[in-house]
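Q: Structure incoming, see below.
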Amino acid sequence: MSPINAMRLGAIARKEAIQLRRDPRSLILAFLLPVALLILFGYAITWDIDDIPLAVVDCDHSARSRELVGAFLASGYFSLVARPDRAADLGGDLDRGRIQLGLVIPVGFAADLDAGRAAPLQAIVDGSDANTATIILAYSEAIVRCYSAQILLHGVQPLALVTAQSRVWYNEELTSRNMIVPGLVAVIMMIIAAMLTSLTIAREWERGTMEQLAATPASRLEIVLGKLLPYLIIGLIDVVACSFLGVLLFGVPFRGSPLLMFILSFFFLCGVLGLGMFISAVAKSQLLATQMAMVATFLPAYLLSGFMFAIDVMPTVLRGITFIVPARYFLVVTRGLFLKGVGINVLFLQGLLMIAFAAIGFFLAVRVFRKELA
Amino acid sequence: MNPRARYGRIFEMVRKEFLQIRRDPRLWRVIVFAPMVQLIVFGYAVSTDVRNTKTFVVDHDRTQASRELIETLTASGYFRVTGRSDRPADLVRALDHADAVVGLEIPAGFARDLTRAGGAQVQVLLDGTNSNVATVARGYAERIVQDYAARIARQGTMGGIDLRERPWFNPDLASRNYNVPAVVGVIIMLVCLLLTSLAVVREREIGTLEQLMVSPLSPGELIAGKTIPFGIFGLFDFVAVITVAVLWFKIPFAGNAALMLLASVPFLLSGLGIGLLISTVSSTQQEAFMVTFLIFMPTILLSGFMFPVSSMPSAFQWLTLLNPLRHYLEIVRGVFLKGAGAGALWLQFLALTLIGAFVLTVASRRFRKTIA
């Protein structure tokens, strides 16, 4: 194969750009969609759990039991929605999802507590959402422990005490938005970039212009790269715009090097655009190409990138599959640069893997492309 | 109009669609193969359980007591020691490289301080990048350290409040039981949209829409003819995917299967209706696809699948009411985990039926306009 000729490459890129420009709708979507999605989801989705609907069954009717309930409400995490008389009444409310936590304070609660005996307190939590339930229980325990310690301090001093002093790094307030926004940049860009290129080769096949393209002196690699170039520029603009929005609109800190972000985004986009190209070359029809691109990117980007579900706890086979999800690498990059402020010494592995991914994507696209033409 | 002739025409149209689908083996893969593979792959992925959290230990004390504390921490199953060092700088490095999510630093003199009045202190550092994991891991770490303190104190009952936790519906708090049923809903939505959003546009692009227009079919019949085959495939997918969830992933199915199937019909109709509506408002397949995509993203994120609806700002909570997936997920999770019956879920049923009827009506009206 002849080495890449810059002029021919430029010509192909220009042709693709002209085609793209003639299609204002897809242009608007390519530029506007990522930004619009980021704004929408940056506002809408959060994991911060507050206003947890709580029901209290207070069988003790004592000052102590009222103090405890007061401690729950003062924490700001809970809001009291019901005070049934019997514990049995909690069932219906949990079934309908009216409450997420039910506290049952038994008779003799205050007496036990003041006598230095262990005073039982029952917490019934809606466990269907295990994640939320775990967090609710962690909050409840912290509140109970704190209240309990206050009372104990007036009585017997424990013999030995170990306290854990927790400190959170990188995201001190544990704001879920700081975690979601950089993650979304990776997820959205993976899906959009693959979609954009998945149409390009298939379109030529459908319109019958592929023979014309094949008849030009441009090599297959030049055609693939040339077609990719305009989308690469669009993708980079998108990443920059999304990063600015994250910082300016959502107040997510950006602690790393912007230049490194730009370079690594370049590698990431090459990989994903190459993946789209490959799909396009295999599918040959726009319909199938878009469907394949959607299936190949949508759920994997959300579920297998580490955006939501930790890769560490997945079974080995699945962890292997996550290596072919480019958002997996880019997610480490965006979170690392936004929140941790780490440099190339930490991220070089991600960079290398993304370069490898891009190379394989190009290679496969060119290969499939050649086979089909022959 | 003669109703029997009408059913005959719809039947012929359905037959024609089936023939077309059968001739396209790749479409088969989208319908039959992809949902199953997706559920198996993603079923394993969707776990938010915090266990085996990578922990880096810096033990300056090196005493029996400090080793016991570390042992207690790892014995819980929530933490796994992936690195040890004497230098705190290594801990920083491990957190930066994401080699550890939790750092435990035990100061020199820890064992000695245990017997003193002031008590001992250990430092727990957490990578807050994933706020969710950090919150849960912090809770576990604090609880374990406290239990350890209680054991050392050997006071028998320490007094104080003994919080007894009882999670309902999902006693082990396994996140998979909550997430796999939701993946079922998401996959079926994806299949519905992928199948129908391009259905009408495609005929227009290929030029076969004109042929359909000169046929005696009314727009309503056309829509029915387009929807029914995909509806049947959707139901087939639904049964297959639920079977995989129950048999493969052993997700407890507490509720009534018939109720679930019944709820799936209006959900499928909503999904197919949205797809058809997209198809009728778009002039090219590419455009239809972009709109599908534009709709699918919010449908997933604003459904409660990953992010609880109750945590969203109230304007968005209202918006989610228009989302069929949101209602369907409530039904699926309710039936699977809570064994909820029609009494608890009728509101969601009603919402799904209304959404389904609305989008199908609008789709067939739009369709009439395009034909005229």
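Q: Just give me the residues in segment B:295-308 being open to solvent by 20 Å² or more (accessible area, probe 1.4 Å) and of a type in the set (A, V, I, L, M, F, W, C), in sequence order.
A: B:ILE295
Q: Still on this structure, please answer the following. Can you say whether A:ALA293 is small (Gly, Ala, Ser), free of Cβ contacts under 8 Å to residues at least 60 places away in the same chain, over 23 Å from A:LEU245 (Cα atoms) and facing chain B (nearest Cβ under 10 Å), as far as the supplied structure shows?
A: Answer is no for this residue.
Q: Output the number of the condition that B:VAL50 fails; it satisfies all remaining conditions of (1) assigned to a helix (DSSP H, G or I); (2) over 30 Å from A:ALA293 (Cβ atoms); (3) facing another protein chain (nearest Cβ under 10 Å); (4) at pLDDT below 85.
A: Going through the list (1) assigned to a helix (DSSP H, G or I); (2) over 30 Å from A:ALA293 (Cβ atoms); (3) facing another protein chain (nearest Cβ under 10 Å); (4) at pLDDT below 85, B:VAL50 breaks only (1).
Q: Next question. For segment A:333-359, which residues satisfy the criterion of being surrounded by fewer than 24 Cβ atoms within 10 Å (Cβ to Cβ), of a type in the set (Val, Ile, Thr) and in contact (Cβ under 8 Å) with a residue 12 or more places away in the chain?
A: Selection gives A:VAL342, A:ILE344, A:ILE355.
Q: A further question follows. Report, by residue number, each residue of segment A:1-47 that is open to solvent by 60 Å² or more (accessible area, probe 1.4 Å), within 30 Å of A:VAL252 (Cα to Cα) and not hydrophobic (A, V, I, L, M, F, W, C).
A: Within segment A:1-47, A:TYR43 is the sole residue that qualifies.
Q: Oh, and also: Of the residues that sit in segment B:225-249 and are in contact with a helix residue (DSSP H, G or I) (Cβ under 9 Å, 6 or more places away or on another chain) and over 20 Å from B:LEU262 (Cβ atoms), which one is most open to solvent (accessible area, probe 1.4 Å)?
A: B:TRP248
Q: Can you name the residue in segment A:306-326 that is more than 9 Å from every other protein chain (Cβ to nearest Cβ) and in contact (Cβ under 8 Å) with a residue 24 or more places away in the chain and, of all such residues, is farthest from B:ARG204 (Cα to Cα)?
A: A:PHE323
Q: Tell me, yes or no, whether segment B:318-338 has at least one residue that is more than 30 Å from B:ARG204 (Cβ to Cβ), at pLDDT 90 or above, open to solvent by 10 Å² or more (accessible area, probe 1.4 Å) and of a type in the set (S, T, N, Q).
A: No, segment B:318-338 has no match at all.
Q: Here is a follow-up. Among the candidates A:VAL332, A:VAL346, single out the residue that is within 17 Å of A:SER265 (Cβ to Cβ), in a helix (DSSP H, G or I) and at pLDDT below 90.
A: One residue alone meets the criteria, A:VAL346.
Q: Counting residues that are among the small types (Gly, Ala, Ser), which helices (runs of 4 or more DSSP H) fully inside segment B:187-250 reach at least 1?
A: Filter on segment B:187-250 gives B:199-206, B:219-247.
Q: Now for a separate question. Right, B:PHE349: away from chain A (no Cβ under 11 Å) and open to solvent by 10 Å² or more (accessible area, probe 1.4 Å) or not?
A: When the stated conditions are applied, B:PHE349 passes them.
Q: Ok, one more. Looking at the structure I just gave you, is A:THR132 outside any loop (DSSP other than H, G, I, E, B), in contact with a strand residue (DSSP E or B) (Cβ under 9 Å, 6 or more places away or on another chain) and on the phi < 0 side of the Ramachandran plot?
A: Criteria met by A:THR132.
Q: Now for a different question. Please name all residue pairs, on different chains or six or more residues apart, with Cβ atoms under 9 Å, provided the first residue is in segment B:299-318 and is more than 7 Å from chain A (Cβ to nearest Cβ) and closer than 18 Å to B:LEU190 by Cβ and the second residue is of a type in the set (S, T, N, Q) and part of a helix (DSSP H, G or I).
A: Taking only residues 6 or more apart or on different chains, the pairs are B:SER303/B:THR320; B:GLY304/B:SER310; B:GLY304/B:THR320; B:PHE305/B:ASN179.
Q: Any residue in segment B:20-45 that's more than 10 Å from every other protein chain (Cβ to nearest Cβ) and among the β-branched types (Val, Ile, Thr): show its pairings with residues that are in a helix (DSSP H, G or I) and open to solvent by 40 Å² or more (accessible area, probe 1.4 Å) at Cβ separation under 9 Å, as long as the two are six or more apart or on different chains.
A: Between residues of segment B:20-45 that are more than 10 Å from every other protein chain (Cβ to nearest Cβ) and among the β-branched types (Val, Ile, Thr) and residues that are in a helix (DSSP H, G or I) and open to solvent by 40 Å² or more (accessible area, probe 1.4 Å), the close pairs are B:ILE21/B:TRP28; B:ILE31/B:PHE236; B:VAL32/B:PHE236.
Q: What are the pairs with Cβ atoms under 7 angstrom where one residue, in segment B:93-107, is free of Cβ contacts under 8 Å to residues at least 24 places away in the same chain and the other, located anywhere, is part of a helix (DSSP H, G or I) and open to solvent by 10 Å² or more (accessible area, probe 1.4 Å)? Sequence gap at least six, or different chains.
A: B:ASP96/A:LYS340; B:ASP96/A:VAL346; B:HIS97/A:VAL346
Q: State all residues of segment A:296-305 that are open to solvent by 10 Å² or more (accessible area, probe 1.4 Å) and facing chain B (nearest Cβ under 9 Å); if no residue qualifies, say none.
A: The answer is A:PRO300, and nothing else.
Q: Inside segment A:156-248, counting only helices (runs of 4 or more DSSP H) that do not spill past its ends, which hold 1 or more residues that are within 22 Å of the chain's Cα centre (by Cα)?
A: A:176-198, A:220-248
Q: Would you call A:MET261 within 24 Å of A:VAL346 (Cα to Cα), touching a helix residue (DSSP H, G or I) at 6+ places or on another chain (Cβ under 6 Å), surrounded by fewer than 24 Cβ atoms within 10 Å (Cβ to Cβ) and not small (Gly, Ala, Ser)?
A: yes
Q: Looking at segment A:78-89, which of the residues that are assigned to a loop (DSSP other than H, G, I, E, B) and modelled with pLDDT of 90 or more is surrounded by the fewest Cβ atoms within 10 Å (Cβ to Cβ)?
A: A:ARG83
Q: Inspect segment B:278-294 for any residue being at pLDDT 85 or above, open to solvent by 10 Å² or more (accessible area, probe 1.4 Å) and not in a loop (DSSP other than H, G, I, E, B) and give the result as yes or no.
A: Checked segment B:278-294: no residue is at pLDDT 85 or above, open to solvent by 10 Å² or more (accessible area, probe 1.4 Å) and not in a loop (DSSP other than H, G, I, E, B).
Q: Identify, from the list A:GLY10, A:GLY97, A:GLY92, A:GLY70, the residue that is small (Gly, Ala, Ser), farther than 27 Å from A:ILE188 by Cβ, outside any loop (DSSP other than H, G, I, E, B) and within 11 Å of another protein chain (Cβ to nearest Cβ).
A: The match here is A:GLY92.
Q: In addition: For A:ILE188, are the conditions met, namely being within 24 Å of A:PHE309 (Cβ to Cβ) and either of a type in the set (A, V, I, L, M, F, W, C) or in contact with a strand residue (DSSP E or B) (Cβ under 7 Å, 6 or more places away or on another chain) (or both)?
A: Judged against the criteria, A:ILE188 is a match.
Q: While we're here: Could you run through segment B:1-58 and say how many residues are of a type in the set (Ser, Thr, Tyr), open to solvent by 40 Å² or more (accessible area, probe 1.4 Å) and under 30 Å from B:ALA134 (Cα atoms)?
A: Within segment B:1-58, residues that are of a type in the set (Ser, Thr, Tyr), open to solvent by 40 Å² or more (accessible area, probe 1.4 Å) and under 30 Å from B:ALA134 (Cα atoms) number 1.
Q: If you check B:VAL122 against the conditions, is it facing another protein chain (nearest Cβ under 7 Å), in contact with a Pro (Cβ under 8 Å, 6 or more places away or on another chain) and buried (at least 21 other Cβ atoms within 10 Å of the Cβ)?
A: Yes, satisfied.
Q: What residue, among those in segment B:352-372 that are open to solvent by less than 70 Å² (accessible area, probe 1.4 Å) and polar (S, T, N, Q), is nearest to the other protein chains (Cβ to nearest Cβ)?
A: Here the answer is B:THR370.
Q: Further question: Mind counting the residues in segment A:48-66 that are away from chain B (no Cβ under 13 Å), surrounded by fewer than 18 Cβ atoms within 10 Å (Cβ to Cβ) and in contact with a strand residue (DSSP E or B) (Cβ under 8 Å, 6 or more places away or on another chain)?
A: 2
The values are calculated or read from the model by the stated rules, or taken from the named source; none is laboratory data. Being a predicted model, the structure only gives us computed values, none of them experimental. FYI the Cβ positions are ideal-geometry reconstructions off the backbone, even for glycines, and counts take in every protein chain you see. Accessible surface areas use protein heavy atoms only, side chains included; no ligands, DNA or RNA. Shrake-Rupley method; radii C 1.70, N 1.55, O 1.52, S 1.80 Å.
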